[in-house]
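Notes to accompany the following structure.
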Amino acid sequence: MNLLSACPPGLWMMIAGVLAVALPRGPRRLLLWTAPVLELAHIWILDPGTASALAVAGMHLEPLRVDALSRVFGTIFSIAALLSLIYGSYHDDRVEECSGTVYAGAAIAATFAGDLLTLFIWWEMTAVSSVLLVWRGGTPQAFAAGKRYLLIHVTSGVLLLWGAVEYWHLTGTLAFDHMQLQMGRAAWLIFLAFGIKACFPLLHNWLQDAYPRSTPAGSVWLSAFSTKLAVYALARGFAGTDLLIPIGATMTAFPIFFAVIENDLRKVLSYSLNNQLGFMLVGIGIGTELSLNGTAAHAFSHILYKGLLFMSMGAVLHRTGTVEASRLGGLYKSMPLTAMFCIVGSLSIAGFPLFSGFISKSMVIDAASNAGLLIPWMVLVFASAGVMDHSGIKVPFFAFFAHDQGHRVDEAPRPMLIAMGITAFLCLAIGVWPQALYAILPYPVEFHPYHLAHVIKQLELLTFSAIAFGWLYRRGHYPPEIPGVNLDFDWLYRVAIPGMLRPIRTDVAAAHRWIETRLRAASRTVWTSLANTFSPQAPFGGVISLEQGLIWICLTVAGVLLLAYSG
């Protein structure tokens, strides 16, 4: 028990991920699948309030601190790791399985970090391990996206470390507790570091850039951990920060428009992920017990239903080689189970009653209403209708039903179906029996999602969204599913700014070539002079006698002494 209390949850998963690299398939799977189960048990063996202290170079560190908030995130991270391992076992990819396990373990360890330095270590570990999942996509686009992904996440870590150092000098402590932006630069640096990983507006494109280019299983891993770790960090450090309300509200709204016109269905889900993060950030910004419970509950249910949607699209990609809506349709005939699981995920993310999204998203919306935040509340309601359109209807409709492209393929591999089945069951179980989730939330829950008026309002909203989608589609007004590139903010730093700098780069390159040419010419001149002076035929190049050598040495020493003592 003392050993369990000393080691943070997640550490054993990281060790297992590293050790499993050297093992053959059978023992590797046994070790990796056992690790998240043991970590889940470890999390629940530890009592709230358990902590471990460590003094390093005058700094008081706390590698382990357990409370209700860390426990709920650690629980869902462990479940997501196991489901991802099951799903990914459809093929034997050693790098994907081991790096994913290390990634999940680092995220779990970060949720139990009681100080900013320990958080930084695990924060960077998630970046280094997860980029391998992007690169396993195996395409030039995946490699380029992975480099951008790593650069952005390492930048987030650098800002976190900088902020931690500033915070230590300011307060004399590294404790990871609640902060105020009014503290100055230290708090702002940490806030920005969390914001990059949480996909704040204008900082969000790394997600849509990287996730759709990963492998089918890689996108499932990626969807679960990085952004939700940032949500946890913001809830821990900046609960009640008013600035998060407009940031989160903006995040719920703008991805809807990109998702509606996007042809790549995994990119649609990436924009949808950004949208759902907005609900969580609004909850953190409100800062009441109801809103923070809603954030934790929504993060829990979101990991499940978003993972289920990425699983279903990954199965489609695995069987057909594409997830472009313009090239799909009619797959329900060949992949009926996958279609059914996708619909469960779609109903969950839309917040349909009896599904997990309904019992969590409604907590945040009600918290906004109770706080008298009319405009944010209206934006959240609008965003809920938008989610029904682009993820609740668009993804399953265009993948499995619309314009049959004639794909006649096998159903998804059995490991994929098992993982999707378990996840779909959990989405339904949480929706039907929300008390199981409410019981582990940070604060006592006095919220009843199945109040008749609430259910009716939600059904009205979803029905209106469905009718609007059907009417627009039948009338030909819905954006057509066609291949194309949709410009987002990343166009500025990937195309526009490099284009503007191209003339400067040309001038710099020309100057570099001119300098290089002159240096090469000068070096050739010096080399030629040395060769002419010291070659065997030159005056100083011949063989001299011992006496002549001693004379030259004495003259040289005498000259040095004269120079040294002349002043």
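Coordinate-derived values only; no laboratory data. Since we're looking at a predicted model, the values are computed, not measured. In this analysis, Cβ positions are derived from the backbone assuming ideal geometry, glycine residues included, and neighbour counts consider all displayed protein chains.
Just a few scattered comments:
- With a threshold of 22 Å on the Cα-Cα distance, the over-threshold entries among 306/457; 197/267; 267/457; 228/457 are 306/457; 267/457; 228/457.
- Whole-Å distance, taken between Cα centres, linking the stretch 102-178 and the stretch 353-385: 30 Å
- Gyration tensor verdict on the stretch 23-170 (Cα atoms; rounded if a/c is under 1.5, prolate if a/b is larger than b/c, oblate otherwise): oblate
- Among 495, 260, the order by Cβ neighbours within 10 angstrom, fewest to most, reads 495, 260.
- MRE, 222 nm, helices only [DSSP H, n ≥ 4, -39500 (n - 2.57), over the chain, to nearest 500]: -23500 deg cm²/dmol
- Fewest-first ranking of 290, 308, using other Cβ atoms within 10 Å as the exposure measure: 290, 308
- Backbone phi angles across the stretch 246-252, fed through the Karplus curve with coefficients 6.51, -1.76 and 1.60 (θ = phi - 60°), yield HN-Hα couplings of x, 4, x, 4, 4, 5, 6 Hz in residue order; Gly and Pro are listed as x.
- The ranking of 380, 19 by Cβ neighbour count inside 10 Å, starting from the fewest, reads 19, 380.
- 12 Å Cα-Cα reach of residue 147 towards aspartates and glutamates, excluding residues that sit fewer than 8 places from it in its own chain: 209
- Tensor-based shape of the stretch 239-486 (alpha-carbon gyration tensor, a/c under 1.5 rounded, otherwise prolate or oblate): prolate
- Cross-link reach list, aspartates and glutamates versus residue 333, counting only Cα pairs under 19 Å and skipping chain neighbours closer than eight places: 324, 404, 410, 411
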